[in-house]
Protein chains: 2
Amino acid sequence: MERKPTEVRQEEIRKAVLQIIDSEGLHNLSTRKLAEKVGVTEGALFRHFKSKRDMLLSIIDGVEDVLMKSLQSVAMSDAPSSERLFKFLCVHVQYLIENKGITMLLFSEAAHSNDSELKSRMLNVLNTQKQLAKKIIQDGIAGGEWDSSLQVENVATLYMGIPISLNIELVLNPLGVNTENFCKRMMCLLERALRKTK
Amino acid sequence: MERKPTEVRQEEIRKAVLQIIDSEGLHNLSTRKLAEKVGVTEGALFRHFKSKRDMLLSIIDGVEDVLMKSLQSVAMSDAPSSERLFKFLCVHVQYLIENKGITMLLFSEAAHSNDSELKSRMLNVLNTQKQLAKKIIQDGIAGGEWDSSLQVENVATLYMGIPISLNIELVLNPLGVNTENFCKRMMCLLERALRKTK
DNA sequence: TTGACTCGTAAGTGATTACTTGCTAAGTTA
DNA sequence: TAACTTAGCAAGTAATCACTTACGAGTCAA
């Protein structure tokens, strides 16, 4: 029976939640499995979070504090647009790789949660990601880097599929995905789509 | 108490399963909700499928028989590659719009199911989609339509994100997505990425 | 030393899960 | 019409769900 301060256990629980979602899916996330993974009894979990829902909300807090702030600062920087877009994609993908359950949690809860606070916060994260991507693309077009006949909205829609493409890759090919180069390979295609028609 | 032949009820049940997955997610698909939606008791469901698992397997049967066969025939046709790719995307997207729970079911079960038959069939569907897309792209490059410096694999990865981008759009913007033009808008960007660098 | 506080356990709680049982009436065939 | 099959119902089942309760043991300040 190992005792740890509540902040440490909370972090362990959040990590375990994401691990279970990543490996078994949200519908297999039970407090029993979670307790087993953390190495405590079910009762102990509720010492640190008042409900399962609160664990998920705490995870979103982390996404907003870490990922969204980074994305925001990249999108608002004054680097050239193509550099910004690449950096944006890298930060985005890196975070999803290091926090593997997030993609499914975000996507699944944004679409299907019957908890309106949870749902709206998930939707907000997705929507903000898209708006930031749009800003970069818009800047690149206005600044003459990219083709002015492009529709910003469409490029942003295409962009939003990319992080999930990575998840599909990892599922189809769990061993051999080159996550290092993933961003470069996708950025190369985005650049081709964005460049000016001469 | 309305009696219907088992084939009719089976189809009603499959539709109801997908409706629930689409609107509330796989983790909210219970036999209770399902029975309510179909308009029978829970017991009656098990007259037509021997388990909940069997309902999902029957849905995959449909995906393989209808969607995959159509995609196959489009990919193998002798039309120009850009026409084939557009048709491929249209057939793909059209099916997902008409069977709205499929995307989440495919994606979620392929990644997370602990049922190995279910999982491998879902993976097979995703993998086949990607392989067919690769064939079209490869043909277009070999035939001189598209740029020979492109990596087929990367374009196919990008392609696989597009149907899910549609889902994200529908979630972010449940009323106002122009699904009519979605394929055209995405195809336009794909064409830009694929065209030759002069 | 005592008393408060914190983090843990074991053993519950009622609700919900997928699924089964025993029965009945409608439809079909002999 | 009688016999059989099919598709429905109401009322169960054990298992699992998220969560609670009552209690104990370590830490630390007064």
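The values are calculated or read from the model by the stated rules, or taken from the named source; none is laboratory data. None of the values given here were measured: they were computed from a predicted structure. Cβ sites come from the backbone with ideal geometry, for glycine too, and all protein chains shown count toward neighbours. Calculation scope for accessible area: heavy atoms of the full protein, side chains included, ligands and nucleic acids excluded. Shrake-Rupley method; radii C 1.70, N 1.55, O 1.52, S 1.80 Å.
Which of the residues belonging to the stretch B:96-120 are in contact (Cβ under 8 Å) with a residue 24 or more places away in the chain and open to solvent by 30 Å² or more (accessible area, probe 1.4 Å)? B:97, B:100, B:115, B:117, listed by residue number. Listed by first and then second residue, the pairs with beta-carbon distance under 9 Å, at least 6 apart or on different chains, first residue in the stretch A:29-55 and among the aliphatic types (A, V, I, L, M), second assigned to a helix (DSSP H, G or I) and near DNA strand D (Cβ under 6 Å from one of its atoms), are A:29/A:52; A:34/A:42; A:34/A:52; A:35/A:42; A:35/A:43; A:45/A:31; A:45/A:52. Summed over the stretch B:140-157, residues that are open to solvent by less than 50 Å² (accessible area, probe 1.4 Å) and part of a helix (DSSP H, G or I) total 7.
Looking at residue B:60, is it more than 15 Å from DNA strand D (Cβ to nearest atom) and either closer than 25 Å to residue B:166 by Cβ or not assigned by TED's automatic domain parsing to the domain that holds residue B:168 (or both)? Even if it seems obvious, please write down each step before you answer.
Details: more than 15 Å from DNA strand D (Cβ to nearest atom): yes; either closer than 25 Å to residue B:166 by Cβ or not assigned by TED's automatic domain parsing to the domain that holds residue B:168 (or both): yes.
It is true that residue B:60 is more than 15 Å from DNA strand D (Cβ to nearest atom) and either closer than 25 Å to residue B:166 by Cβ or not assigned by TED's automatic domain parsing to the domain that holds residue B:168 (or both).
The single condition among (1) facing another protein chain (nearest Cβ under 8 Å); (2) under 20 Å from residue A:25 (Cβ atoms); (3) in a helix (DSSP H, G or I); (4) not aromatic (Phe, Trp, Tyr) that residue B:117 does not satisfy is (1).
Can you pull out every residue in the stretch B:158-187 that is facing another protein chain (nearest Cβ under 7 Å) and either more than 20 Å from the chain's Cα centre (by Cα) or free of Cβ contacts under 8 Å to residues at least 24 places away in the same chain (or both)? Write out each step before concluding.
Taking the stretch B:158-187 and keeping what is facing another protein chain (nearest Cβ under 7 Å), we get B:158, B:160-162, B:164-165, B:168-169, B:171-172, B:185-186.
Matches in the stretch B:158-187: B:161, B:165, B:168, B:169, B:171, B:172, B:185.
Here the stretch B:1-25 is the region considered, the condition is being within 14 Å of another protein chain (Cβ to nearest Cβ) and open to solvent by 30 Å² or more (accessible area, probe 1.4 Å), and the residue that is nearest to residue B:122 (Cα to Cα) is B:22. Testing residue A:85 on (1) aliphatic (A, V, I, L, M); (2) in contact with a Gly (Cβ under 8 Å, 6 or more places away or on another chain); (3) surrounded by fewer than 18 Cβ atoms within 10 Å (Cβ to Cβ), one condition comes back false. Which one is that? Evaluating residue A:85 over (1) aliphatic (A, V, I, L, M); (2) in contact with a Gly (Cβ under 8 Å, 6 or more places away or on another chain); (3) surrounded by fewer than 18 Cβ atoms within 10 Å (Cβ to Cβ) leaves (3) as the failure.
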